[in-house]
Amino acid sequence: MDAIRIDQGPEAATPVYPRRRRGIPGRAIDGEMVLLDRHRNLVHQLNSTATFIWDRCDGARTVLDIARDVAHAFDVTPERAAADVMTTILQLEAVGLVEAWAGSAPDRDSDGGKHGT
């Protein structure tokens, strides 16, 4: 995700469109998401905020769009939301759960941004 610069915030960067990686089934349990990465033989548990962000990583929304949703839903400042969203997306990308494109939205023909159950 070479377009994001943490020190400038998402509004200063080229738009970045995060999308859940295909083939990662998940199940919501008490407001949190448990994801199974069969390719890497790993299980990931997302807290409620990360689950909210994960659900919006559909390839159509930018990091800034997701940050606005977080600010509204969790009643935090836009700056705090942007920092939390960027940190979460970078972490999800680092463990291979999210793919991100800079510039324009990626082709959405893969799986429509849906995660399995």
* Structure fact -> So, with points 7 Å from each Cα along the Cβ direction, the Asp30-Ala94 label distance in nm works out to 2.6
* Structure fact -> SASA check, Val34, accessible area w/ 1.4 Å probe, all protein chains in place, rounded to nearest 10 Å², comes out at 50
* To do: Sort Ser104, Ser48 from largest to smallest accessible area, using a 1.4 Å probe on the heavy atoms of the protein chains.
  => Ser104, Ser48
* Structure fact -> Probe 1.4 Å, all chains present, heavy atoms only: Arg22 accessible area in Å², nearest 10, is 140
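The values are calculated or read from the model by the stated rules, or taken from the named source; none is laboratory data. What you are looking at is a predicted structure, and each value in this text was computed from that prediction instead of being measured. Please note: Cβ atoms are built from the backbone with ideal geometry, for glycine as well, and neighbour counts cover all protein chains shown. These accessible areas exclude ligands, DNA and RNA; they are computed on the full protein's heavy atoms, side chains included. Shrake-Rupley method; radii C 1.70, N 1.55, O 1.52, S 1.80 Å.
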